[in-house]
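Written below as structure tokens is the structure these notes are about.
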Amino acid sequence: MKAVLKLLAVNTALLFAGILILEIALGEWFNAGRLNRLNIHKDREFRYDVSTLYEDPEPVITYSRDQHGLRGSHSTPGEIDILTVGGSTTEQRLIRDGATWQDVLQEQFQQTGASVIIANAGVDGQSTYGHIKNFKWWFGDIPDLAPEYFLFYLGINDFHKEAGDKYDVLLEDFNLGQSIKDNSALWHLFRTLRGTYFARVKKLTHDSINFDALQWTQEALQDNHDFMRRRLDEYATRLRVLADLSYEFGAKPIFVSQPSRHYRITPDSIEGHSNTGSYEGHEYNGVDYYHMIRQLDSITQAVAIEKGAIFIDLGSYTGWVDTDFYDYSHMTPQGARKVGILLHQELRDRVPAKGY
């Protein structure tokens, strides 16, 4: 028995020693930055095969982020004029470097003789809660970062954000448990795996959808969508915080609503896919989604007006086609190019640019 207990004690000690070494090597315990908390890659380059998602003459694409966790062609953070913030539709992990809507927007400015440098701070899965944390844990640690504008590409991830979620607590007091979660490499791994599972359950992952094979309807399942009220109120609160943080950073906020292929805007009506989901216990289809996301977009517009921010409503644009998307939310390079061109049309006379 003594031998067994001794062996158990030795193995336990070795296990804890291994965990300690792992946490010191990979955790954020001695790092003033907080990129680990935000699930952000830095100084990394990845290659992805996108042949199952959309047609591309070179289906293996390169996706990279610099030492500060940003995408873009800027040489230094001090060059950045517009920093774009959002979730996976902003990050565009499966769109090659040089073909994101940020790249197209910058290219459009350049073609008119204007120098406007656009950088991409999108993070897969982030909602406005994460955008707020970006200011606390990320942007302030990037040397010389002083954009003129923060462009927030908003809506889709906040649509799925539950009311009263504990992560909506915007002011946190220190506690040991939270500190462990913030800095632990093992917790970071667990959170990433959990987020992957959640995304698959909510169907927010990157899968190709054959829109021709879907059944489309013009009939909503719900007569009204008042059950969104609490989520909308909490969303508005987070938007106000984002606007205030932008101004405190010395920049002006730009709020942009997002398009989706849950629905199509036709000359005569709105049609949505007939697949159903559940929202606050209420079943919804693609037509319901249109009316619900437009309520969210109306909150975005109202807060933009209240806070003196720029609002651009891409969610109401009628020129989208199926081939602009490879799933309900994520765009092909063709769609990303449209986004960049549309944003330039909206911003070219509103954003003072070097070179005009």
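Checked against (1) over 16 Å from residue 154 (Cβ atoms); (2) among the aliphatic types (A, V, I, L, M); (3) part of a strand (DSSP E or B), residue 254 passes all but condition (1). Could you tell me whether any residue of segment 286-304 is within 28 Å of residue 149 (Cα to Cα), among the charged types (D, E, K, R) and touching a residue at least 24 places away in the same chain (Cβ under 8 Å)? Yes, some residue in segment 286-304 is within 28 Å of residue 149 (Cα to Cα), among the charged types (D, E, K, R) and touching a residue at least 24 places away in the same chain (Cβ under 8 Å).
Per the conditions (1) farther than 20 Å from residue 242 by Cα; (2) touching a residue at least 60 places away in the same chain (Cβ under 8 Å); (3) touching a strand residue (DSSP E or B) at 6+ places or on another chain (Cβ under 8 Å), the sole criterion not satisfied by residue 145 is (1).
The numbered conditions (1) surrounded by fewer than 18 Cβ atoms within 10 Å (Cβ to Cβ); (2) touching an Asp or Glu at 6+ places or on another chain (Cβ under 6 Å); (3) not hydroxyl-bearing (Ser, Thr, Tyr) are all true for residue 335 except (1). Of all positions in segment 98-116, at least one carries a residue that is among the β-branched types (Val, Ile, Thr), within 21 Å of residue 251 (Cα to Cα), in contact with an Asp or Glu (Cβ under 7 Å, 6 or more places away or on another chain) and crowded, with 22+ Cβ neighbours inside 10 Å.
Can you tell me which residue among 155, 122 is modelled with pLDDT of 95 or more and in contact with a Ser or Thr (Cβ under 7 Å, 6 or more places away or on another chain)? Of the residues listed, the single one that is modelled with pLDDT of 95 or more and in contact with a Ser or Thr (Cβ under 7 Å, 6 or more places away or on another chain) is 122.
Table: residues versus (1) in contact with a Phe, Trp or Tyr (Cβ under 7 Å, 6 or more places away or on another chain); (2) modelled with pLDDT under 95.
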{"residue": "205", "(1), (2)": "no, yes"}
{"residue": "216", "(1), (2)": "no, no"}
{"residue": "250", "(1), (2)": "no, no"}
{"residue": "258", "(1), (2)": "yes, no"}
{"residue": "265", "(1), (2)": "no, yes"}
{"residue": "280", "(1), (2)": "yes, yes"}
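Among all positions in segment 278-296, there is at least one residue which is closer than 30 Å to residue 118 by Cα, aliphatic (A, V, I, L, M) and surrounded by 15 or more Cβ atoms within 10 Å (Cβ to Cβ). Regarding residue 64, is this residue free of Cβ contacts under 8 Å to residues at least 40 places away in the same chain and assigned to a loop (DSSP other than H, G, I, E, B)? Here the answer is no, as residue 64 does not meet what is asked.
Taken residue by residue, segment 26-39 has no member that is buried (at least 19 other Cβ atoms within 10 Å of the Cβ) and modelled with pLDDT of 95 or more. Selection over segment 140-150 of residues that are in a loop (DSSP other than H, G, I, E, B) and under 16 Å from residue 84 (Cα atoms) gives a count of 5.
In the set 263, 317, 326, only one residue is crowded, with 21+ Cβ neighbours inside 10 Å, free of Cβ contacts under 8 Å to residues at least 60 places away in the same chain and within 24 Å of residue 212 (Cβ to Cβ); that residue is 263. Restricting attention to segment 112-139 and to residues that are assigned to a loop (DSSP other than H, G, I, E, B) and not aliphatic (A, V, I, L, M), the residue that is farthest from residue 232 (Cα to Cα) turns out to be 113.
The values are calculated or read from the model by the stated rules, or taken from the named source; none is laboratory data. The model shown is predicted, which means the values in this text are computed figures rather than measured ones. Neighbour counts run over all protein chains shown; Cβ positions are idealised from the backbone, glycine included.
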